[in-house]
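What follows is one structure encoded as structure tokens, with my remarks underneath.
The values are calculated or read from the model by the stated rules, or taken from the named source; none is laboratory data. From a predicted model like this one, the values you see are computed outputs, not experimental measurements. In this analysis, Cβ positions are derived from the backbone assuming ideal geometry, glycine residues included, and neighbour counts consider all displayed protein chains.
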């Protein structure tokens, strides 16, 4: 985990683009807070990004969003053996089996990012996580799966750095809860959070591991807490099997 620089312009641009990689357009004040940059620097860099086509500003709402050039970069990433392509069939199968919402998340620094989503047939959907949505590591079943299988020293560092974020945005998620859930996740092979992030909703998460044993992604199922509790014997083996198959693919690729 690199430390933010106060002088590196390229890093500042990356921080702004990272903040804007969310589904909703953002106000200037939101971008400043999330990027940690002052208003003058943020405005100057946003103007350049607008000129280059990587950011657009809505004249009516005065909010900022990614522009067409950012879309071109995303298109260029297709077909490069991204985890999203490998995991998509598993998400479709699991959504059909469970009827619930399946999510694929990857780690980006101290955050978990939702990179794919598949809805099942059950009419009450967990739609509070959109593509591109970001959460601190540990805030949600998939996000917790990305954290729980990291080495102990890295887990401790992440939780120390995120403590202020949890106190402000997720008051139900404290260090004691996370330490307990991480230990349980490692014992049983999956994360389980019910009524913690969203009332009456919960999730099960499983890690996709690389050849070094560290998580490179996580599959999670989000649904009504009661639906999850009543069907753990069905859901857990299916999620574990999908994650194990994907982990094996990455282990074989790295060994080749």
(message) Quick check on this structure: which one of 162, 150 is touching a residue at least 12 places away in the same chain (Cβ under 8 Å), touching a helix residue (DSSP H, G or I) at 6+ places or on another chain (Cβ under 8 Å) and surrounded by 18 or more Cβ atoms within 10 Å (Cβ to Cβ)?
(response) 150
(request) Could you check how many residues of segment 45-65 are in a helix (DSSP H, G or I) and buried (at least 16 other Cβ atoms within 10 Å of the Cβ)? (result) 3
(request) Return yes when residue 157 is in contact (Cβ under 8 Å) with a residue 40 or more places away in the chain and surrounded by fewer than 17 Cβ atoms within 10 Å (Cβ to Cβ) and no when it is not. (result) yes
(message) I'd like the residue in segment 199-256 that is over 28 Å from residue 128 (Cβ atoms) and not in a helix (DSSP H, G or I) and, out of all such residues, is modelled with the lowest pLDDT.
(response) 256
